[in-house]
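Visitor: Below is one structure. I have some questions about it.
What follows draws every value from the coordinates through simple rules; no lab data is involved. Remember, predicted model here, so these are calculated numbers, not experimental data. Virtual Cβ from ideal backbone geometry, glycine too; neighbours counted across all protein chains shown.
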Amino acid sequence: MVTGEALRRLFAAWRAAIIADLGDRRFAPARFVAPLAVVVLVLGVAFAAGGYFFAYQADARQEARQRIALGGAIDDIRARRGNPGALDARDLRILERNSGLADLKLETEPATAGRSVQPLLGENGRITAWLSWRPERPISDLFLRWWPMAALLLIFLCVLAWLSIWQLRRALRVLDAAE
C-alpha cells in the first residue's frame, strides 16, 4: 500500500532528477519560447489561409444559389408572359427581389469588373442581353474587415514572445554575474 509519505518522497526524487538533468542548461525556457512563437505564427497564418478559403467557398455557394434563383425567376416571368421578349424595369425589380440580388441591371455588353454577370438567352438560345449585379460576399467581406485586427494580434504575440526571450536571457546574465 502506498502512503502519502512514500508519494512525497517519490515526487521529491523525481523533481531532484529533473533539476539534476537540466544541469546548467539555463536557456532551456528560452529554447522553449522561441519555437513556440514560431509555431503560433505558422498556425496563425495557416488558420488565416484556411479561414479565407472557407469564406470564399461559402460565398461561392451563395452566389450559385442566387444564380439558380435568378434563372428560376426568369423562367417564371417568361412563362407568365407567354413570350420570351425583353425584360422591362418592373421585371428587373421582380427578378431582383425573387433572387436576392442587389443592383440588378440589364445590359447589352458584359459588365465591367466587380460585377457578376449572367447571359439572358433569347428564344433561339442566343445571348440577347446580360444581367449584371453587384455581388454580395458577406463572409469574405467580414473576413477582410477583421484581417488587420488578426494580423495585429499575431504581431503582438510575436513581440510578446521576443520580449519574454529577451527577459529570460537578461535574467540569466544577471544570475551568472551573481555567481
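Visitor: Given points 7 Å out from each Cα along the Cα-Cβ axis, report the residue 49 to residue 8 separation in nanometres with one decimal.
Guide: Each label point is offset 7 Å from its Cα along the Cβ direction, giving 5.4 nm.
Visitor: Another question, then. Work out how much length residue 92 to residue 176 would gain on full extension: take 0.36 nm times their residue separation and subtract the Cα-Cα distance, in nm to one decimal.
Guide: 22.3 nm
Visitor: Further question on the same structure: Å³ per residue of the Cα convex hull, for the range 56-176?
Guide: That works out to 121 Å³ per residue.
Visitor: From the convex hull of the Cα coordinates of the range 109-179, what is the mean projected area in square nanometres?
Guide: Spelled out: convex hull of the Cα atoms, projected over all directions, averaged, 7.8 nm².
Visitor: Then there is this: Near residue 105, within a Cβ-to-Cβ distance under 10 Å, what is the net charge of the other residues, with Lys and Arg +1 and Asp and Glu -1?
Guide: Net of charged neighbours comes to -1.
Visitor: How about the range 78-137: which GluC sites (Glu not before Pro) there are in a DSSP loop, with at most 11 other Cβ atoms within 10 Å of their Cβ?
Guide: Answer in residue order: 123.
Visitor: Could I ask something else about it? Any idea how far the Cα center of the range 104-135 sits from the one of the range 54-75, in Å?
Guide: About 15 Å separates the Cα centre of the range 104-135 from the one of the range 54-75.
Visitor: Give the calculated FRET efficiency between residue 150 and residue 121 to the nearest 0.05, with a Förster radius of 35 Å applied to their Cβ-Cβ distance.
Guide: The calculated FRET efficiency here is 0.20.
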